[in-house]
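Heads up, the thing below is written out as structure tokens.
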Amino acid sequence: MHDTHPGQTLATFAATLCLDTIPSTVLDRAEDLLLDWLGSALAGKGARPVETIARFAESMGPTDGPSEVLIHRRGTSPLAAAVANAASSHVAEQDDLHNSSVFHPATVVFPPALAAAQALGRGGADLLVAAVAGYEVGIRVGEFLGRSHYKVFHTTGTAGTLAAAAAAGRLLGLSPEQMTHAFGSAGTQSAGLWEFLRDAADSKQLHTAHAAGAGLTAACLAADGFTGAQRILDGAQGMAAGMSSDADASRLTDCLGTRWALAETSFKFHASCRHTHPAADALQQLMRTHGLAADDLAAVTALVHQGAIDVLGPVVDPQTVHQSKFSMGTVLGMIAVHGRAGLTEFDEHWRDPAVMALCARVTMQRDAEVDAAYPARWIGKVEVKARDGRTLRARVDEPKGDPGNTLTRAELEDKALRLAGYRGGADAAQMQRVIERIRTLRTTSRVGIFLD
């Protein structure tokens, strides 16, 4: 049966979601995603754009508020904490991604959810339910807006406002009607354009900071009677009308309550834009299989989907370490020269002559099979011309971190420890306590502060 008001149906789902309706496996995954996000947030400590946003946010709030700015171990208002934590978790390029929506849920869901839970004195189960609501809403809005939207708009910034509103709204106990109003106020604030990549500008962290803050604001306003557009998603002058040419309203309510989109979310393995990961995995596999070194590679072609070309194509000469993570050549250069593309490899080697030399030998080419599968599947293909005259090919059907090739809990904990220690965000003992807190969240009566 055709849903005549899918936005309202989605809002009702988010407002009425309960712990006992969520499968335990989904809650397990939510705990894993929370840990992964928290590590990414701590890895943002000291990054110039993050510290700039955090300073601004903290200057707007009290110095002893109930909500935690993770990188500074400081209490402030929920709004200031949500903004700061959303910025910090999206700079190391290690936060999660949902494939078919091309959306980073954690960085816009957990900051407002954690800030609101701490301010409201909510329990751990409440936090997890709110997070699930945020994921389910944000992912479906991203899928609804489609590929045409992502060509110009950073979906995490746009769909992220509604994801944040859903998470915060669930913690505030919004009614279905209030949640619909919150969606309206969140959607009218949706923003985030890819143009920043051409200039190595700082906007990516602003996108997530704004989305988290705007969604939290929208939910709080709705709780106080503020109204928003009822059809912000599919109305005549709503988000789809202004931001998409291939929007599909059926995606908004796709199997609500039976298909758990949160469980489809991928963990990032390489510290770079997710569009580079399939080719990076394929090149890594090819070099191991054939025993090749970087100097053996005369030319490398990454066979990619059009979305990768749209996002990565403008980055032809990266000028900052962050911009280099959006350069296919630099990422494949890291893989070829250093065997991995992690945080320290980028910090120490992104301008190394050997990496830059390999970067110059990398091209991207649209592949019909890869493009047809995207965004539901992110297939990795590379073709290598070796200096000995051979042409070698490799493919990866599920990049490392995808649900079918996921990180184990041990790998996730190791990743979180590495992220937390990257710039001194937290030491191993502190992170072990955080891990224990996350694993017992469902029975925790009050979320409280995560880091001493």
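The values are calculated or read from the model by the stated rules, or taken from the named source; none is laboratory data. As the structure is a prediction and not an experimental result, all values here were calculated from the model. In this analysis, Cβ positions are derived from the backbone assuming ideal geometry, glycine residues included, and neighbour counts consider all displayed protein chains. The area values use the complete protein model at the heavy-atom level, side chains included, leaving out ligands, DNA and RNA. Shrake-Rupley method; radii C 1.70, N 1.55, O 1.52, S 1.80 Å.
Considering only residues in the range 205-222 that are touching a His at 6+ places or on another chain (Cβ under 6 Å) and either open to solvent by less than 10 Å² (accessible area, probe 1.4 Å) or among the aliphatic types (A, V, I, L, M) (or both), the one that is farthest from residue 311 (Cα to Cα) turns out to be 222.
Might you let me know whether the range 36-54 holds any residue that is of a type in the set (Phe, Trp, Tyr) and closer than 27 Å to residue 254 by Cβ? Walk me through it before giving the result.
Start the filter on the range 36-54 by keeping residues that are of a type in the set (Phe, Trp, Tyr), which leaves 37.
Of the ones still in play, those that are also closer than 27 Å to residue 254 by Cβ are 37.
Yes; the residues of the range 36-54 include at least one that is of a type in the set (Phe, Trp, Tyr) and closer than 27 Å to residue 254 by Cβ.
Report yes if residue 376 is in a loop (DSSP other than H, G, I, E, B) and over 14 Å from residue 276 (Cα atoms), otherwise no. Judged against the criteria, residue 376 is a match. Return the residues of the range 70-91 that are assigned to a helix (DSSP H, G or I) and either open to solvent by 10 Å² or more (accessible area, probe 1.4 Å) or more than 14 Å from residue 56 (Cβ to Cβ) (or both); say none if nothing qualifies. Residues satisfying the conditions are 78, 79, 83.
Please specify each residue of the range 55-67 satisfying the condition of being surrounded by fewer than 24 Cβ atoms within 10 Å (Cβ to Cβ) and either over 16 Å from residue 210 (Cα atoms) or among the polar types (S, T, N, Q) (or both). Working first, answer last.
If we filter the range 55-67 for residues that are surrounded by fewer than 24 Cβ atoms within 10 Å (Cβ to Cβ), which is where we start, we get 55-66.
Answer for the range 55-67, where residues must be surrounded by fewer than 24 Cβ atoms within 10 Å (Cβ to Cβ) and either over 16 Å from residue 210 (Cα atoms) or among the polar types (S, T, N, Q) (or both): 59, 62, 63, 64, 65, 66.
Residues in the range 140-192 that are over 18 Å from the mean Cα position of the chain (by Cα) and among the charged types (D, E, K, R) were compared, and the one that is nearest to residue 18 (Cα to Cα) is 170.
Residue count for the range 178-227 under the criterion of being part of a helix (DSSP H, G or I), of a type outside the set (A, V, I, L, M) and out of contact with any helix residue (DSSP H, G or I) (no Cβ under 6 Å at 6 or more places or on another chain): the result is 9.
Here's the yes/no breakdown for (1) free of Cβ contacts under 8 Å to residues at least 40 places away in the same chain; (2) open to solvent by less than 60 Å² (accessible area, probe 1.4 Å):
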| position | (1), (2) |
| --- | --- |
| 185 | no, yes |
| 224 | yes, no |
| 227 | no, no |
| 235 | yes, yes |
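Among helices (runs of 4 or more DSSP H) entirely within the range 241-339, having at least 2 residues that are open to solvent by less than 10 Å² (accessible area, probe 1.4 Å), within 22 Å of residue 419 (Cβ to Cβ) and touching a helix residue (DSSP H, G or I) at 6+ places or on another chain (Cβ under 6 Å) singles out 328-338.
With respect to residue 100, determine if the residue is over 12 Å from residue 171 (Cβ atoms), open to solvent by 10 Å² or more (accessible area, probe 1.4 Å), in a loop (DSSP other than H, G, I, E, B) and touching an Asp or Glu at 6+ places or on another chain (Cβ under 9 Å). In short, yes.
For residue 402, the requirement of being within 19 Å of the chain's Cα centre (by Cα) and modelled with pLDDT of 95 or more is met. The residues in the range 144-161 that are open to solvent by less than 10 Å² (accessible area, probe 1.4 Å), hydroxyl-bearing (Ser, Thr, Tyr) and either outside any helix (DSSP H, G or I) or within 14 Å of residue 195 (Cα to Cα) (or both) can be counted, and the count is 1. Of all residues in the range 201-235, exactly one satisfies the criterion of being within 15 Å of the chain's Cα centre (by Cα) and charged (D, E, K, R), namely 204. Give the range 434-452 a look and list any residue that's of a type outside the set (Ser, Thr, Tyr), open to solvent by 50 Å² or more (accessible area, probe 1.4 Å) and touching a residue at least 12 places away in the same chain (Cβ under 8 Å), or say none. Scanning the range 434-452 gives 437, 439, 442, 446, 449, 452. Just one residue in the set 231, 274, 251 is under 22 Å from residue 193 (Cα atoms) and either of a type in the set (Lys, Arg) or in contact with a Phe, Trp or Tyr (Cβ under 6 Å, 6 or more places away or on another chain) (or both); that residue is 274. Only one of the numbered conditions (1) touching a residue at least 24 places away in the same chain (Cβ under 8 Å); (2) part of a helix (DSSP H, G or I); (3) more than 22 Å from residue 441 (Cβ to Cβ); (4) open to solvent by 20 Å² or more (accessible area, probe 1.4 Å) is violated by residue 50, and that is (4).
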